[in-house]
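So the structure is just underneath, and the comments pick up after that.
The values are calculated or read from the model by the stated rules, or taken from the named source; none is laboratory data. In this text, all values refer to a predicted model and were calculated from it rather than measured experimentally. Cβ placement follows ideal geometry from the backbone for every residue including glycine, while neighbour counts extend to all protein chains displayed.
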Amino acid sequence: MPDAVEVVGLRKAYGEKRAVDGLDLHVAHGEVVAILGPNGAGKTTTVEILEGYRSRDGGDVRVLGQDPQTGGRDWRSRLGIVLQTNNDLAEATVAELVHHFARFFPDPRDPDEVIAAVGLQEKVRTRARQLSGGQRRRLDVALGIVGRPELLFLDEPTTGFDPQARRSFWDLVEALADGGTTILLTTHYLEEAERLADRVLVVRDGQVVAEGTPADLGGRTARQAVVRWTQDGQTREVRTDTPTQVVVELTGTFGGEVPGLQVLRPTLEDVYLSLIDGGTS
Amino acid sequence: MSVVDTRTRLPGVLRLGLARTGYEVRTFFRERDAVVFIFAYPIIMLAIFATVFGQDGATVGPEPGIPFAQYFLPGMVATGVMLSSFQQLAISIAVERDDGGLKRLHGTPLPPAAYFLGKTGEVLATSLIQTALLLAAAALLFDVPLPTTATAWATFAWVFVLGTAAGTLAGVAFSSVPRSGKSASAVVTPVVLVLQFISGVFFVFQDLPTWMQQVASVFPLKWMAQGMRSVFLPPSAEAWEVSGSWQHGATAVVLLVWAVGALVVGIRTFRWQRRDDG
């Protein structure tokens, strides 16, 4: 079976600015892939091309086997789309909206179950305009998944959330992934990519600068430990794959305690920051 | 492929159009300010003009004269149709485009035709209610005699339907003109207001300068008002018209041309997203 998303050499420019510049992307069925990158890296442009909202200047794009530019109702009925920011649908209630959107699809999920799944069962009679930011986003997700999508797009789903809301949102997305939904999400939160994604693409200036599982991102060298200590009044450090060995040797050299000893593992954040700074430093 | 075959078929356009109509009508009635404005405006205007001009039993037109409330009623009916079709849609669609509502719908398998059917259904429902309220107010508060012949009501029906169609389609097309949702009512309302002044709604059409009458004749409101005059004014008023006739043929043609023209423009210019988005 071909991948759910297949993108080769995608290009899109706005005037002089190359928003997407030769981007490759593959998402297998059932996979959760995060596109991680700073604002303006081309994440949203890429995703909106895949959703059929924007045209492209070049490259091959297949989403569920279709070119998004020519995808019809059948194709759309297999997608779930959660856009970046919304303040529409203000006057309708949660229950009305989820039930209404369910009718657009050939094989929808039970709207009441969807409302419960996103944790809005207390808010069924509340109008969209009265929901908090986090509740509003949950409603967006409810409308995105009520059609039982094979492929779900989440564009920066938790921007502006408090930590509590973000954590419960992640649980929701994990439940969807466990249910077999293929998910492509964009985010500029590392923690989010690390928690949710099977695979992460780091995007900078419209290109993929790194790709891998959250644990492998940036390659082995980027993940080397740093051993740091103080010697002759100066801070010394080495990068190594075998920090324990280095500490043993230092212990021998100093005949006991090593002054100012630190063993540092680069966090995903350190790796990420070095990746997105890569072009300028 | 079997994957496709096992899926239930996509819901039909008409069914979705009905579902959209229900949704549109329900949410329309929740925007209380818009509801009050659209329903009350023609009635308030009728009350003001009939009272100001009709003091001491003054009348207008050929002997024995038409009471002002009766004279203004057809114009207010036409205005009401224009408000609930053209103005309502041009503003609400511009707002939906600006706040991302249209973009969201476009990301679902909802067919565009069902969206427009929903808007049309909403316009029909609101303009029928509004016209009924206006006629009731005119008859009960201002003793305006309503037509009693089937012919008059048939004329009312086709002018109402064609006028609503032209206003609806022109509203969809015009919704692309405002640059943002916030500016929408500031851009749309003056258009409607100017047309009301030059189309024989607020002033007796025959009293307007000829050039103004000619400008008004380009737009549908003048024809809707004239068509409604043929319904609500006595037959003796026909000779008093500028052309000496109700011009039913010309009215139908102008309204149809506007409907078809606006449909063509609307199809070519309609956008699901803001201009600055994609």
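I'm trying to understand the selection: among the residues of the range A:110-138, which are under 26 Å from the mean Cα position of the chain (by Cα), of a type in the set (D, E, K, R) and within 13 Å of chain B (Cβ to nearest Cβ)?
Within the range A:110-138, A:Arg136 is the sole residue that qualifies.
Of these, B:Phe142, B:Phe174, B:Phe156, which one is under 25 Å from B:Ile48 (Cα atoms) and under 15 Å from the mean Cα position of the chain (by Cα)?
B:Phe156
Looking only at the range B:77-102, which residues are part of a helix (DSSP H, G or I) and within 14 Å of another protein chain (Cβ to nearest Cβ)?
Across the range B:77-102, the qualifying residues are B:Ser92, B:Ile93, B:Ala94, B:Val95, B:Glu96, B:Arg97, B:Asp98, B:Asp99, B:Gly101, B:Leu102.
Just to be sure I understand, how many residues within the range A:163-186 are modelled with pLDDT under 90 and either among the aliphatic types (A, V, I, L, M) or surrounded by 17 or more Cβ atoms within 10 Å (Cβ to Cβ) (or both)?
Residues that pass the stated criteria total 4.
In the range A:152-180, which residue that is hydrophobic (A, V, I, L, M, F, W, C) and under 24 Å from A:Pro38 (Cα atoms) is farthest from the other protein chains (Cβ to nearest Cβ)?
Per the stated criteria, the residue is A:Trp170.
Could you tell me whether the range A:238-259 includes any residue that is in a strand (DSSP E or B), among the acidic types (Asp, Glu) and more than 19 Å from A:Ala34 (Cβ to Cβ)?
No, the conditions are met nowhere in the range A:238-259.
Can you tell me which residues in the range B:103-135 are among the small types (Gly, Ala, Ser), touching a helix residue (DSSP H, G or I) at 6+ places or on another chain (Cβ under 9 Å) and either under 19 Å from B:Val36 (Cα atoms) or not in a loop (DSSP other than H, G, I, E, B) (or both)?
Result: B:Ala113, B:Ala114, B:Gly118, B:Gly121, B:Ala125, B:Ser127.
Give the residue, chosen from B:Ala34, B:Ala69, that is at pLDDT below 90, assigned to a helix (DSSP H, G or I), under 27 Å from B:Leu124 (Cα atoms) and touching a Leu at 6+ places or on another chain (Cβ under 9 Å).
Just one listed residue meets the conditions, B:Ala69.
Among B:Ala184, B:Ala165, which is the only one that is part of a helix (DSSP H, G or I), buried (at least 17 other Cβ atoms within 10 Å of the Cβ), modelled with pLDDT under 95 and in contact with an Asp or Glu (Cβ under 9 Å, 6 or more places away or on another chain)?
Within the list B:Ala184, B:Ala165, the selection yields B:Ala184.
Which of (1) closer than 30 Å to B:Ile267 by Cβ; (2) without any contact (Cβ under 8 Å) to a residue 24 or more places away in the chain; (3) away from every other protein chain (no Cβ under 14 Å) does B:Thr120 not meet, given it meets every other one?
With respect to (1) closer than 30 Å to B:Ile267 by Cβ; (2) without any contact (Cβ under 8 Å) to a residue 24 or more places away in the chain; (3) away from every other protein chain (no Cβ under 14 Å), B:Thr120 is out only on (2).
Going by what's in this entry, would A:Asp107 be described as in contact with an Asp or Glu (Cβ under 6 Å, 6 or more places away or on another chain), within 13 Å of chain B (Cβ to nearest Cβ), on the phi < 0 side of the Ramachandran plot and among the acidic types (Asp, Glu)?
No, not satisfied.
Working only within the range A:89-107, note down all residues that are of a type in the set (Asp, Glu) and either touching a strand residue (DSSP E or B) at 6+ places or on another chain (Cβ under 7 Å) or in contact (Cβ under 8 Å) with a residue 12 or more places away in the chain (or both).
We begin by selecting, within the range A:89-107, every residue of a type in the set (Asp, Glu); these are A:91, A:96, A:107.
The answer is A:Glu91, A:Asp107.
Out of (1) within 25 Å of B:Pro147 (Cα to Cα); (2) among the aromatic types (Phe, Trp, Tyr); (3) touching a Pro at 6+ places or on another chain (Cβ under 9 Å), the odd one out for B:Trp246 is which?
Exception for B:Trp246: condition (3).
For every residue, the table says whether it meets (1) aromatic (Phe, Trp, Tyr); (2) at pLDDT below 95.
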| site | (1), (2) |
| --- | --- |
| A:Val61 | no, no |
| A:Gln84 | no, yes |
| A:Glu96 | no, no |
| A:Asp107 | no, yes |
| A:Val114 | no, yes |
| A:Gly119 | no, yes |
| A:Arg129 | no, yes |
| A:Phe153 | yes, no |
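Residues of the range A:171-209 being among the hydrophobic types (A, V, I, L, M, F, W, C) and touching a Leu at 6+ places or on another chain (Cβ under 6 Å), which ones?
A:Val173, A:Ile183, A:Leu185, A:Leu190, A:Ala193, A:Val200, A:Val202, A:Val208, A:Val209
Inside the range B:136-157, can you point out the residues that are surrounded by fewer than 15 Cβ atoms within 10 Å (Cβ to Cβ) and either among the basic types (Lys, Arg) or closer than 20 Å to B:Ser84 by Cα (or both)?
Within the range B:136-157, B:Ala136, B:Ala157 qualify.
Name the residues in the range B:225-276 that are within 14 Å of another protein chain (Cβ to nearest Cβ) and either under 16 Å from B:Ala78 (Cα atoms) or surrounded by fewer than 16 Cβ atoms within 10 Å (Cβ to Cβ) (or both), would you? Lay out the reasoning, then the answer.
Let us first name the residues in the range B:225-276 that are within 14 Å of another protein chain (Cβ to nearest Cβ), namely B:271-276.
B:Arg271, B:Arg275, B:Asp276, listed by residue number.
Restricting to the range B:103-117, name every residue that is among the hydrophobic types (A, V, I, L, M, F, W, C), facing another protein chain (nearest Cβ under 10 Å) and closer than 19 Å to B:Ala173 by Cα. Quick ask: steps written out before the conclusion?
Initially, the range B:103-117 is screened for residues among the hydrophobic types (A, V, I, L, M, F, W, C), giving B:105, B:110, B:113-114, B:116-117.
The next check asks that each one be facing another protein chain (nearest Cβ under 10 Å); those that pass are B:105, B:110, B:114.
B:Leu105, B:Ala114, listed by residue number.
Consider B:Glu31 carefully, then state whether it is out of contact with any Ser or Thr (no Cβ under 6 Å at 6 or more places or on another chain), without any contact (Cβ under 8 Å) to a residue 12 or more places away in the chain, within 14 Å of chain A (Cβ to nearest Cβ) and charged (D, E, K, R). So that I can check it myself, show each step before the final result.
On the way: out of contact with any Ser or Thr (no Cβ under 6 Å at 6 or more places or on another chain): yes; without any contact (Cβ under 8 Å) to a residue 12 or more places away in the chain: yes; within 14 Å of chain A (Cβ to nearest Cβ): yes; charged (D, E, K, R): yes.
Yes.
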